[in-house]
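The values are calculated or read from the model by the stated rules, or taken from the named source; none is laboratory data. All of these numbers come straight from a predicted model, not from anything done at the bench. Cβ sites come from the backbone with ideal geometry, for glycine too, and all protein chains shown count toward neighbours. Only protein heavy atoms, including side chains, enter the accessible area calculation; ligands, DNA and RNA are left aside. Shrake-Rupley method; radii C 1.70, N 1.55, O 1.52, S 1.80 Å.
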Amino acid sequence: MSTTTEMKYMASVAMALRDTMAEDPRVVVMGEDIGAPGGSFKATRGLLDEFGPKRVLDTPISEASIVSAAVGAALSGLRPVVEIMFMDFVTLAMDALVNQAAKARFMFGGQCSVPMVMRTPHGGGLNAGPQHSQCLESWLAHIPGLKVVCAATPGDAYGLLRAAIADPDPVIFIEHKGLYGSKGPVDCAATDAIGTAKVVRAGRDATLVTYGATVHTSLLAAQQLAAEGVEIEVIDLRSLQPWDRRTVLASLARTHRAVIVHEAVQAFGVGAEIAATLADEGFDDLDAPIVRVGAPFMPVPFAKSLEQGYAIGVAGIVSALRRTLD
């Protein structure tokens, strides 16, 4: 009997939460309006009716308090999953994340850990403005003790969220608002592992490394170049900390060219770390400069027309690929 079904990204997140809560009574979910309303994007809808108010905790509007409480709950033996309704609001919880959750295992000599997950959506495309559209993953990937994952498909959202909840350390689980309505196959019997990338399109002429919503844009760019006889290999990182350097370096050894794409601001971003690693450890395999594609160094515009120009599109990725191919 098949365990795979077609569902939306948002539904796969909800199913991962439901399945883990049913299997493990230590798993609780916390956040603003996650109970009866089902969260800002309805990813927790129905959990309150199924598991009750002791495991589905509607919290005050205080991100600092929510994450601090989750850290304490995790240290006390629970496995809390916190929802921060927009990634922009992570700024209010940075002390609990950076100074407490990330440090506890080290500060107490490995005697305790913080098995908590923080779910939060990032990204633009919904005209939500500069305070509701940011991609701040590079901040969090910079912190020793935090793991950071970002799923591009419903199947990966299910598998990686289950892996995150099972992890003994704090995990930041990033979802893209623009992907919630996307559909794809989900295998509810599959297991996943944080730190593993996927080659989602094989190619021979250049390696394109990306994650999240830009995986789909990158695949469209690769498809466009394929019509010209150029075959681009596309790698979905899935995990940003730790990231799968072995898979990326192996691809570079085959193609000898690399382009790195992300929706976050290009400056000091995830792409800069990957580019530096490729230039160091993969130098002998490079036949052309590494090219990065990211957002300009400015806040996300509110106006639809300006946000469209700010966003990472197929044309920009194709241009970057042509640059390294030339």
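Take ASP192 and decide whether it is closer than 21 Å to ALA11 by Cα, of a type in the set (Asp, Glu) and either more than 18 Å from the chain's Cα centre (by Cα) or surrounded by 24 or more Cβ atoms within 10 Å (Cβ to Cβ) (or both). For ASP192, the condition - closer than 21 Å to ALA11 by Cα, of a type in the set (Asp, Glu) and either more than 18 Å from the chain's Cα centre (by Cα) or surrounded by 24 or more Cβ atoms within 10 Å (Cβ to Cβ) (or both) - is not met.
Candidates are the residues of the stretch 169-189 that are open to solvent by 20 Å² or more (accessible area, probe 1.4 Å) and more than 14 Å from the chain's Cα centre (by Cα); the one that is nearest to TRP139 (Cα to Cα) is ASP169. Residues in the stretch 210-234 that are under 21 Å from LYS177 (Cα atoms) and either of a type in the set (Phe, Trp, Tyr) or touching a residue at least 24 places away in the same chain (Cβ under 8 Å) (or both): THR210, TYR211, GLY212, ALA213, THR214, VAL215, HIS216, THR217, SER218, LEU220.
So, in the stretch 288-326, of the ones that are part of a helix (DSSP H, G or I) and open to solvent by less than 30 Å² (accessible area, probe 1.4 Å), which residue ends up farthest from GLY123 (Cα to Cα)? Top of the filtered list is THR324. Quick check on the stretch 267-287. Is at least one of its residues within 17 Å of ALA206 (Cα to Cα), β-branched (Val, Ile, Thr) and either crowded, with 18+ Cβ neighbours inside 10 Å or touching a His at 6+ places or on another chain (Cβ under 9 Å) (or both)? Yes, because at least one residue in the stretch 267-287 is within 17 Å of ALA206 (Cα to Cα), β-branched (Val, Ile, Thr) and either crowded, with 18+ Cβ neighbours inside 10 Å or touching a His at 6+ places or on another chain (Cβ under 9 Å) (or both).
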